[in-house]
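Each value in this text was obtained by applying a stated rule to the coordinates, not by laboratory testing. Predicted model only: the values in this text are computed from it and were never measured. Here the Cβ is made from the backbone with ideal geometry for all residues, glycine too, and neighbour counts use every protein chain on show.
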Amino acid sequence: MDISVVIPLYNEEESIPELFEWIKHVMAANHFTYEVIFINDGSTDASWKKIQEISNQSSNVRGLKFRRNYGKSAALYQGFKKAQGNVVITMDADLQDSPDEIPDFYHMIIEEGYDLVSGYKKKRYDPLSKTLPTKLFNATARKISGIHNLHDFNCGMKAYRLQVVKNIEVYGEMHRYIPYLAKNAGFSRIGEKIVHHQPRKYGNTKFGGLNRFFNGYLDLLSLWFLTQFGFKPMHVFGFLGSVMFFIGFVAILIVGATKLMAIISGLHAPLVTSSPYFYIALTMMILGTQLFMAGFIGELISRNSLNRNNYQVEDEI
């Protein structure tokens with residue numbers, strides 16, 4: 001199979017039939033063998049009914065319905081598990097991504113040797129509440145990830161070599177930083193393609209600006225921390241704990257030595273506990289010990305959650 005198109009969706013009943021007809025036309029014009037995998041992320045409208053209807057008309061359609069809304073990362077994770085095509089294309093279901101871009105994405109992966117190609121919506125039709133956080137996310141993501149050639153990490157339209165999607169784990173809300181996940185998995189050939197962004201035809205956007213602003217930064221910090229210390233938490237917690245304990249221990253020695261020198265010199269020596277430095281030093285030693293133990297416990301439980309990607313599937317085509 002040449003191409004798998006993975007489409008996560010939530011309450012997009014109006015656009016699904018039109019989107020599939022558009023994809024079908026593009027595939028037929030380019031003689032691609034393909035499948036379209038719709039992941040219904042707990043929609044409350046007739047989205048699943050529309051998917052069932054077009055699956056009855058075409059053997060190229062596959063579908064998965066979540067029992068409730070889990071988010072885009074969960075939908076992509078399941079779609080990647082099902083995908084079989086040599087090239088996997090992801091796109092949103094709201095008709096703002098153009099299927100006409102698919103052949104160029106395919107050739108960039110197959111002929112130019114990219115592992116991942118991310119779309120870049122240079123001209124956007126989104127509200128300011130969505131575009132401003134996106135610009136801030138992308139600037140920070142480029143700095144932290146070291147992938148400086150990408151302008152838009154969060155563009156829904158991307159193309160992947162099949163091996164990429166089978167070797168990365170998208171969880172939580174990490175779909176925003178899939179290029180970073182791919183890079184960490186050893187897929188370094190990451191490119192970008194300017195794509196046409198169309199105005200939304202039906203309904204309203206499902207993503208709020210402020211929510212994306214805060215969650216995006218938290219997700220990026222989590223990903224950076226897991227990348228740097230996920231398999232070696234003792235390296236950060238143990239180091240910080242050891243430094244704090246050492247400074248506190250030295251401070252205690254200084255306080256004790258000051259009192260001892262005063263006694264030897266025959267001067268009045270106040271109680272050690274009357275000095276604020278004693279309590280500061282003691283607090284640092286306690287915090288240092290706790291940080292050290294946190295690093296040790298982190299080593300034991302690091303990335304061993306068995307239920308991270310356990311999603312309830314109600315129906316499947």
How high is the relative contact order of the range 3-229, in percent, counting Cα pairs under 8 Å that sit 6 or more residues apart?
-> 24 percent
What's the local net charge at Gln52, with K and R +1, D and E -1, over the other residues with C-beta under 10 Å away?
-> +1
Using 7 Å Cα-to-Cβ label points, what is the Ser58/Ala257 separation (nm, one decimal)?
-> 7.8 nm
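Based on the Cβ-Cβ distance from Lys122 to Arg189, what FRET efficiency comes out when R0 is 22 Å, to the nearest 0.05? Before the final figure, lay out each step's value.
On the way: r = 22 Å, r/R0 = 1.00.
Efficiency computed from Cβ-Cβ geometry: 0.50.
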Taking Lys and Arg as +1 and Asp and Glu as -1, residues besides Val313 with C-beta under 14 Å from its C-beta add up to +2
Would you pull out the residues with amide H under 5 Å of Arg62's amide H, same chain only if 5 or more places away, H placed 1.01 Å from N?
-> Val36, Ile37, Phe38
Work through the residues other than Lys81 whose Cβ is under 12 Å from its Cβ and net out their charges, Lys, Arg +1 and Asp, Glu -1.
-> +1
Residue separation between Ser275 and Asp315 times 0.36 nm, minus their alpha-carbon distance, gives in nm 7.6 nm
Run the numbers on the range 234-301 and let me know its relative contact order in percent, using alpha-carbon pairs under 8 Å that are six or more apart.
-> 58 percent
So between Lys49 and Thr283, what do we pick up on full extension, going 0.36 nm a residue minus the alpha carbon distance?
-> 78.1 nm
Any residue on another chain or 5+ positions along whose placed amide H is under 5 Å from the amide H of Glu192 is listed here as Ser118
Cα-projected label distance for Phe239 with Asn30, points at 7 Å along beta-carbon direction, nm = 4.5 nm
Give a quick list of trypsin sites (Lys or Arg not before Pro) in the range 1-94 that DSSP marks as loop, anything other than H, G, I, E or B, with at most 12 other Cβ atoms within 10 Å.
-> Arg67, Arg68
Show the residues, 5+ positions off or on another chain, whose built amide H is closer than 5 Å to the amide H of Asp315.
-> Lys65
